[in-house]
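The structure appears right after this line, and notes come after that.
The values are calculated or read from the model by the stated rules, or taken from the named source; none is laboratory data. Note that this is a predicted model, so its numbers are computed, not measured. Cβ atoms come from the backbone with ideal geometry, glycine included; neighbour counts cover every protein chain shown.
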There are 2 protein chains.
Amino acid sequence: MDVVAGIDIGGTKTKIGLVDKKGDAQEQIFFRTREYTNLDDYLDKIRDSIEGLKTKSSIPVNVIGCGIGAPNASSRNGTIENAANLLWKGKLPIVKKMQERLDVPTRIMNDASAAALGEMLFGNAKEMTDFIVITLGTGFGAGIVANGQLIDGYDGFAGELGHVDMTMGDGRLTGLGVKGGLEAYVSATGLKRTILFMMSKYMNQSRFRDIAYNDLHGEEITKAAEEGDFIALKAFDHTANIMALALANFTAFSQPEAFFLMGGLVNSGKWILDPLKTYFEDYLLEVYKGKVKLMQSGMPGKTAAICGAAALIWENHR
Amino acid sequence: MDVVAGIDIGGTKTKIGLVDKKGDAQEQIFFRTREYTNLDDYLDKIRDSIEGLKTKSSIPVNVIGCGIGAPNASSRNGTIENAANLLWKGKLPIVKKMQERLDVPTRIMNDASAAALGEMLFGNAKEMTDFIVITLGTGFGAGIVANGQLIDGYDGFAGELGHVDMTMGDGRLTGLGVKGGLEAYVSATGLKRTILFMMSKYMNQSRFRDIAYNDLHGEEITKAAEEGDFIALKAFDHTANIMALALANFTAFSQPEAFFLMGGLVNSGKWILDPLKTYFEDYLLEVYKGKVKLMQSGMPGKTAAICGAAALIWENHR
């Protein structure tokens, strides 16, 4: 069976899977990215992992290509460039180096753009030509499709929507030092920062007054909201409000038919999604009201990233 | 000679021209839009004007199509819908009605999107696949090209960038009631509002303390800046600052190779463009720095709108 090696390079984990034409991951494996301080050792490890998956597979597989999703990836240059969350700095010629190791067609793309391609090939956007995938993890990522094509930008760095500033230059700093950058508010990290902000603003009791910032995890915020914790409820409402405004702004740009939401923050379910839907419809320009759907991704959470990466190759085999 | 009837429907003026394949307007005429309270009378007037231009032409012309640029136009529906600046309300089936009158292929598009198409066919964007045209008139319009195609959006209303909110919902209202909407700051009207704001903030002398808001025109603000008027200089700097932040945000969306600026506010020349360039480069994410050009439109100012409208037809005859 023909498969594509789908690779998701994350700051914490590297995930690798063999993905068939339908978008099903036949075999998969992951390891810690930061164990490899040398890029060549890291890419050797990926090659060996793919060989391992092939051997492990119950049916014979033929790897026809390699798709890679990564932060700060340029599809046009085949590189990762100055990624804040990776150890290897500068302009990394990943595609060239991977092709030397695997000898199959190889492509790389921003991870959120790869997710959008996965959604279009295998998920809930099969019939759509205009949509945006939003990934809400440690940061805020976006993959934008218009006219049935991914928007790459002039040299492949389009879609950095976590770094738009909606505060006239007078807000929180992102990890990249952008003042008022969206992901400083709307992301797992942003939500934690908003917990602090709400505790600074209000004097109400909250379980979070006994938890240090570094010990605070997203699931606990959801749990606190379920228990009626005032600070947690305020934080979710504030996060949803800012996210709604951002999505309304993005709508004015490319007027997508739908936003697909994926990633950790979405797991907070109704606490974020219910106020988000209400605020979003409210913020939309009249001409867009009732036309833009907020949807959950149709990709299985655990394999969405590697299937998206594999879609980079599968889109050329249809 | 084959020509396209290019029509620019503006809130104040309607401009009509016969545009050849090279984008040169052979003949043109304009009249006041608001003289026609009845839409059918208005469209009859357009038909008659086109006939008049044909007769007037020194060489025989053959009208092969009709392209229309208009506010709140949906290219997908062939309509103008609820345009704030036009007398006729509701959903206007302009393409259908115009085709009945002219019996040639007819298309309509948002005026700024038409301008972008004109820039790509006839102007300074001939070699580009990713760029954004910004029109700075009474309002703020945008035409976005990515992957060599105009971004229309799900039902043709993409590019309403004058209505993105960059103030977390806490700023000036636009004509459409959008809080913090960009065009309330960056447009001819926005600049006038900023003159008022600066006079409210500072006590410095200014010629504008003797001029009522309704008597204030853009050219006077440029003239005042040339004379060193403190309020005018502050207003230009503030306008350029917000515009730079907005363009940096838009860059994070589609990473254009260039922004093309056109319209009244650009006539203020260095007073707006010099600070704009400085602030813009400063606000860009690291990965975009030095890669995005701020350019003037290559379209002749007086005929840019009708040539853009004509481009809607000419793009299908290449």
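Can you confirm whether A:ALA232 is of a type in the set (Gly, Ala, Ser), touching a residue at least 24 places away in the same chain (Cβ under 8 Å) and within 14 Å of chain B (Cβ to nearest Cβ)?
Spelling it out, it is not the case that A:ALA232 is of a type in the set (Gly, Ala, Ser), touching a residue at least 24 places away in the same chain (Cβ under 8 Å) and within 14 Å of chain B (Cβ to nearest Cβ).
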Within segment A:181-215, how many residues turn out to be over 20 Å from the mean Cα position of the chain (by Cα) and not hydrophobic (A, V, I, L, M, F, W, C)? 13
For B:ASN214, state whether it is farther than 27 Å from A:ALA184 by Cα and modelled with pLDDT under 95. yes
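Taking segment A:175-228, which residues are in a helix (DSSP H, G or I), closer than 24 Å to A:LEU261 by Cα and not aliphatic (A, V, I, L, M)?
A:GLU183, A:THR189, A:GLY190, A:LYS192, A:ARG193, A:THR194, A:GLY218, A:GLU219, A:GLU220, A:THR222, A:LYS223, A:GLU226
Mind listing whichever residues of segment A:288-318 are surrounded by 20 or more Cβ atoms within 10 Å (Cβ to Cβ) and within 19 Å of B:LEU161 (Cα to Cα)?
Those that are surrounded by 20 or more Cβ atoms within 10 Å (Cβ to Cβ) and within 19 Å of B:LEU161 (Cα to Cα): A:TYR288, A:VAL292.
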Can you tell me which residue within segment B:78-96, out of those that are in contact with a Gly (Cβ under 7 Å, 6 or more places away or on another chain) and away from chain A (no Cβ under 11 Å), is surrounded by the fewest Cβ atoms within 10 Å (Cβ to Cβ)? B:LYS96
How many residues of segment A:1-39 are over 20 Å from the mean Cα position of the chain (by Cα), among the polar types (S, T, N, Q) and assigned to a loop (DSSP other than H, G, I, E, B)? The answer is 2
Suppose the filter is surrounded by fewer than 16 Cβ atoms within 10 Å (Cβ to Cβ), of a type in the set (Val, Ile, Thr) and either out of contact with any strand residue (DSSP E or B) (no Cβ under 6 Å at 6 or more places or on another chain) or at pLDDT 90 or above (or both); does B:THR55 pass it? yes
Working only within segment B:291-318, note down all residues that are assigned to a loop (DSSP other than H, G, I, E, B) and modelled with pLDDT under 95. B:SER297, B:GLY298, B:MET299, B:PRO300, B:GLY301, B:LYS302, B:THR303, B:GLU315, B:ASN316, B:HIS317, B:ARG318
Considering residues that are more than 20 Å from the chain's Cα centre (by Cα) and surrounded by fewer than 20 Cβ atoms within 10 Å (Cβ to Cβ), the number found within segment B:138-154 is 1
Residue under evaluation B:ILE211, criteria (1) in contact with a Gly (Cβ under 7 Å, 6 or more places away or on another chain); (2) over 28 Å from B:CYS307 (Cα atoms); (3) surrounded by fewer than 21 Cβ atoms within 10 Å (Cβ to Cβ), criterion not met: (1)
First in segment A:157-176 and at positive phi and of a type outside the set (Gly, Ala, Ser), second anywhere and in a loop (DSSP other than H, G, I, E, B) and crowded, with 18+ Cβ neighbours inside 10 Å, Cβ under 9 Å, 6 or more apart: A:MET168/A:GLY180; A:MET168/B:MET166; A:MET168/B:MET168; A:MET168/B:GLY171; A:MET168/B:GLY180
Would you be able to tell me the number of residues in segment A:131-176 that are within 24 Å of B:THR167 (Cβ to Cβ), more than 7 Å from chain B (Cβ to nearest Cβ) and of a type in the set (Ser, Thr, Tyr)? 1
Can you tell me how many residues in segment A:255-290 are part of a helix (DSSP H, G or I) and under 19 Å from the mean Cα position of the chain (by Cα)? 8
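Residues checked against (1) in contact with a helix residue (DSSP H, G or I) (Cβ under 8 Å, 6 or more places away or on another chain); (2) more than 24 Å from B:LYS277 (Cα to Cα); (3) outside the structural domain of B:TRP271 (by TED's automatic domain parsing); (4) charged (D, E, K, R):
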| position | (1), (2), (3), (4) |
| --- | --- |
| B:ILE195 | yes, no, no, no |
| B:ARG209 | yes, yes, no, yes |
| B:ALA212 | no, yes, no, no |
| B:ASP215 | no, yes, no, yes |
| B:GLY218 | yes, no, no, no |
| B:ILE221 | yes, no, no, no |
| B:ASP229 | yes, no, no, yes |
| B:LEU233 | yes, no, no, no |
| B:PHE236 | yes, no, no, no |
Among the residues that make up segment B:189-209, is at least one of them in contact (Cβ under 8 Å) with a residue 60 or more places away in the chain and of a type outside the set (Ser, Thr, Tyr)? yes
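Please go through segment B:217-231 and pick out each residue that is under 21 Å from the mean Cα position of the chain (by Cα) and surrounded by 14 or more Cβ atoms within 10 Å (Cβ to Cβ).
Of everything in segment B:217-231, those that are under 21 Å from the mean Cα position of the chain (by Cα) and surrounded by 14 or more Cβ atoms within 10 Å (Cβ to Cβ) turn out to be B:GLY218, B:ILE221, B:THR222.
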Check A:LEU276, A:LEU265, A:LEU285 and return the single one that is at pLDDT below 95 and away from chain B (no Cβ under 14 Å). A:LEU265
